[in-house]
Structures are given as structure tokens and as C-alpha cells.
Amino acid sequence: MPENMHLSLHKALGYLIGGLWTGWGGRTRIEAKQLRNLRRLVDKARGDSPLFRRLYAELPPTAEIELHDLPVTHKPELMAEFDDWLTIRSLPLDKAREHLRDLRKVGVPIDDVAVFQSSGTSGEPAVIVLSESFVEYAYGIMLARFERYHRKLVRDVRKLGDRVTITGGNGHFAGNGFNKLVQRLNPRLAKGFGVTFVEAEQPIGQLVKRLNAIGNIAWIVTYPSMLAILVQEKVARRLRIEPAFITTGGETLTDDLRERVGRAFPSLKYGIADPYGCTECLALSFECSHGRKHVNEDWVILEAVDEAMQPVPDGTLSATALLTVLANDVQPFIRYDLGDCIRFDQDACPCGSPFRSLQVEGRQATLVRVGEVTLSPLIFDFEHDQAQRIQLIQTGEFDFELRVQLATGAAEGLVLEEVIGSVKKVFRDNGLDDVTVRASKGSPEFTASGKFHEVVPLRNSRSPS
């Protein structure tokens with residue numbers, strides 16, 4: 001199948017210049033650009049997405065549309081109508097899923113779009129479709145938000161050693177897939193942002209051995225849950241790397257973990273950056289030199305809302321967040337319920353940025369503690385073509401139960417046997433031979449907020465020291 005996806009540095013430069021111009025104009029210019037982009041996206045969705053054409057049939061004319069006129073959307077309903085959701089007709093869901101099943105195609109476009117999958121920690125994985133224009137936006141807007149501090153940081157860290165990304169490798173996840181995509185589209189640009197990928201799913205001992213073998217690691221990009229494990233390995237003197245800079249994402253970085261990382265890695269000259277993003281919008285925010293998370297509001301709308309989907313005041317923790325991605329007109333995410341709890345800051349940031357800043361809560365991954373061993377849920381592989389959902393629940397320090405929602409016509413005994421065998425192997429690989437894993441007749445559980453976690457730890461389990 002031919003690949004027609006390209007990355008234009010000229011267009012990325014356009015996003016960079018436009019982003020700078022918008023920021024220099026302050027709130028007035030930001031809000032005007034945001035509204036223009038919103039109406040442009042709504043017009044595209046109305047014209048080319050059968051789903052949004054139906055959703056917006058009774059709404060005012062696009063030229064008069066305001067954000068509050070638009071209905072809230074949710075992942076299950078959108079995924080159920082995936083073929084009608086997209087503004088292109090060339091990528092039915094079956095074709096996308098067939099592509100995602102082939103790990104050899106991570107980072108390989110389908111015609112002129114890229115396809116990724118979300119981690120599924122807040123429910124069933126979503127299939128995410130990105131156009132070449134979104135890739136150009138991501139690079140351009142990232143550079144537009146760089147302060148002098150960031151430019152110096154990147155230059156210095158590159159001179160010190162390698163950049164390593166530790167993230168999910170058993171799927172088309174954006175952490176690995178986006179880097180591979182850019183390598184295909186523009187190898188010269190990818191070289192400038194060169195990165196070594198290390199799979200987070202492997203046994204901790206093997207991961208540590210791999211990192212030690214790389215040796216001169218200056219920059220680590222990973223999840224907070226994996227970072228917590230690296231801290232333990234460093235304190236135990238099994239991990240010998242001395243990074244100067246760490247970037248985290250995908251989960252909540254707690255103050256406690258940040259402090260423990262600082263103690264374990266005194267080499268962190270540039271500390272920890274923790275920008276907020278998701279697979280649905282990789283360039284959702286940027287972190288300034290004062291450590292605040294600012295939303296890219298010219299191309300992203302993020303709303304903090306209560307249970308009734310009504311806005312909450314700045315300074316108030318939301319029940320959820322609604323995301324509108326103005327830079328993706330292939331797969332419209334418009335007032336999309338992310339499920340994250342956020343709080344917009346009330347005061348202006350000392351960095352002087354006119355873009356609003358926020359704090360994020362409720363994204364911390366579920367660490368599993370068995371005896372003296374702490375495991376990231378990423379090391380468990382719950383993908384099975386005969387199961388719709390799989391959940392591992394810790395019922396005692398060394399006891400677990402497995403809950404499976406089978407696909408239609410699946411043989412229950414065979415699925416349970418295979419998954420339990422896979423889970424037990426993970427425990428054995430991490431030195432845990434006395435763990436009990438039994439099948440449960442119960443259904444997989446969701447949290448009160450509607451989130452689904454594949455791994456549920458023992459309640460009130462102690463925190464690692």
C-alpha cells in the first residue's frame with residue numbers, strides 16, 4: 001500500500017510563526033484565534049463527518065457557533081460510530097484495527113494518515129487518527145512555546161549523552177509510534193530529536209540491564225509509575241545511569257515522587273519536566289521555565305467542568321475535563337470527555353505567558369506492590385483477541401484474581417488459562433514465585449468516575465519508601 005503522508009518543514013514553520021504571533025497578542029488574540037479555529041473545525045465536521053452532521057443538525061449556523069452550543073462527546077459512543085466519526089471515508093475501523101494488530105507497522109502511515117491507540121487505562125483503548133497537518137502542528141507549536149531556558153536546556157542535554165524513552169512497546173502507542181513516524185517522514189528532523197526506545201513491559205531486571213548497557217543517558221522520557229521503579233533500582237545500586245534531565249507524562253507526577261527522584265538522581269541538573277498531554281492530543285500543553293503547565297489555547301480548548309458538564313471556577317478541582325483539538329480535522333475531538341480532574345490556576349504565571357496554566361490530578365498509574373517488589377501495570381500484557389476486557393485485581397499481598405469479559409463465542413477456559421499463565425510469568429520474571437492468581441466470575445470493575453483500570457492494587461496498600 002503506498003504511503004502518501006509527508007511532513008512539511010515549511011508548514012511546521014508556519015505553525016511556529018503563527019504560534020508566536022498569537023502569543024504576542026495576549027488574551028485578545030488567543031481567544032480570537034481559538035474561536036476562528038473552532039468554527040473552522042465545526043464546519044469541517046458538519047460537512048464531512050456523518051456523525052457530527054447528525055449531532056449538529058439543530059445547532060445555529062457555524063458562523064454563529066459558540067463553544068457552549070456544542071454537545072459533550074464520549075469515547076464509547078464515538079468509537080461505536082468510528083466509520084461515521086472520521087471526516088475521511090477511506091479508513092474503516094476494521095482496516096485501522098488490522099493495522100494496529102501488526103507490531104511491524106508501528107509508526108507506518110495508512111495512506112496519508114497515522115494511526116495510534118490509547119493505553120486504555122481510562123476505559124477501552126481508542127483508535128486515534130492523525131493527519132500530516134497535526135504532526136506539523138505538534139512540531140511547530142512546540143518550538144513556538146520554547147523559552148530561552150528550553151533552548152539552552154535542549155542544547156546542553158544533547159551534548160551530555162543519549163535520550164531514552166521508556167514506554168509501552170506492545171502496541172501502537174504514541175510514545176514510541178510518533179517517534180518512528182517522524183523518522184519515516186523526515187529522517188533529518190528525527191535525527192535532531194534522536195531517541196533510543198526501551199520497552200517498559202520487560203522484566204525490571206532486564207530493563208535495568210538494558211539501561212546500564214546504554215550507559216551515557218542524559219535524558220529519560222517515561223511514565224511516573226516507571227520512574228518510581230527506576231528510583232528503587234537506583235537506590236538499590238542496581239541502576240547505574242546518571243541522567244541530567246527527565247520528562248514524564250501520561251500519569252500524575254506526585255510531589256513525593258519528584259522529591260525521591262531528586263534524592264536518587266543528584267545528577268539531575270535540569271530537574272523533571274512534566275507536560276500534560278494525551279494520545280488524543282500530543283501537544284496539548286507546554287511546561288514553562290517556572291514548572292507550570294500552559295494549554296496551547298490557540299489550537300486546544302480544555303474545559304474544567306463538574307458532574308453536570310458545567311464549568312467550574314478557576315482554582316476549583318473539576319469532576320472531568322473536556323478536550324477540543326482544533327488541529328485535527330480528520331478525527332474531530334470536540335468537547336470530548338477526557339475523564340481527568342484538573343484545576344486552572346487563578347494567578348498569572350511568573351513566566352509571563354498569556355496562556356492559562358493548570359494542575360492535573362487523577363492520572364497516577366496503579367503501582368502493584370507484592371512483598372518488597374513494586375511493579376508497573378505496563379509490564380502486564382492483557383491483549384487477547386478473544387477478550388474484550390481483562391482486569392487483574394489484587395485481593396491480598398500475594399493474591400490476585402482475574403476478571404475477563406469475553407468476546408462473543410470465546411472459549412472461557414482457554415482464555416483464562418492463557419492469560420493467567422501470562423500473568424504468572426510476569427511475576428516469576430520479577431522474582432515472585434509465591435503469587436496466587438485465580439479466575440473470578442465477577443465482571444471487570446470501573447471506578448466511580450467511569451474509568452477502567454486493567455490493574456487494581458490492594459486497597460490501602462502502603463506506599464514505597
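We did not get these values from a lab; they are worked out from the coordinates using the rules stated. Keep in mind that this is a model prediction, so the values were computed, not measured. When we count neighbours, we look across all protein chains shown, and the Cβ atoms used for this are built from the backbone with ideal geometry, even at glycine.
Count the net charge of all other residues whose Cβ sits under 13 Å from the Cβ of residue 306, scoring Lys and Arg as +1 and Asp and Glu as -1. Each step should come with its number before you reach the end.
Numbers: positive: 343; negative: 303, 307, 337.
Net charge in that neighbourhood comes out at -2.
Is the shape of region 41-170 best called rounded, prolate or oblate, per the rule: a/c under 1.5 gives rounded, else a/b larger than b/c gives prolate, else oblate, with a ≥ b ≥ c the square roots of the Cα gyration tensor eigenvalues? Cα axes put region 41-170 in the oblate bin. Quote the charge dipole size of region 130-248 about the Cα centre in Debye, to the nearest 20; the model charges only the Cβ of Lys and Arg (+1) and of Asp and Glu (-1). My answer is approximately 480 debye. In the chain, a dipole from Cβ-located charges (positive for Lys and Arg, negative for Asp and Glu) runs towards its positive end, and of 117, 290, 311 it is 290 whose Cα lies farthest in that direction.
Considering only 393, 76, 302, the residue lying farthest towards the positive end of the dipole of the chain is 302, judged by Cα position with unit charges set on Cβ. Ordering 277, 7, 241 by the projection of their Cα atoms onto the charge dipole of the chain, which places +1 on the Cβ of Lys and Arg and -1 on the Cβ of Asp and Glu, puts 241 at the extreme positive end. Helical runs assigned H by DSSP (4 residues or longer) give the chain a calculated mean residue ellipticity at 222 nm of -10500 deg cm²/dmol, each run adding -39500 (n - 2.57) before division by the residue total. Taking only the Cα atoms of the chain, the ratio Rg/Rh comes out at 0.95, with Rh defined as the Kirkwood radius.
Count neighbours as other Cβ atoms within 10 Å of each site's Cβ, and list the trypsin sites (Lys or Arg not before Pro) in region 69-100 that are DSSP loop with at most 13 such neighbours. For trypsin sites (Lys or Arg not before Pro) across region 69-100 that sit outside H, G, I, E and B with at most 13 neighbouring Cβ atoms in 10 Å, the list reads 89.
What are the trypsin sites (Lys or Arg not before Pro) within region 173-282 that DSSP puts in a loop, where the Cβ has at most 10 other Cβ atoms within 10 Å? Here the sparse-neighbourhood loop sites are 237. Net charge of the neighbourhood of residue 101, taken over other residues with C-beta under 12 Å away and scored Lys/Arg +1, Asp/Glu -1, is -1. Where Lys and Arg each count +1 and Asp and Glu each count -1, what net charge lies around residue 318 among other residues with Cβ under 10 Å from its Cβ? Summing Lys and Arg as +1 and Asp and Glu as -1 gives -4.
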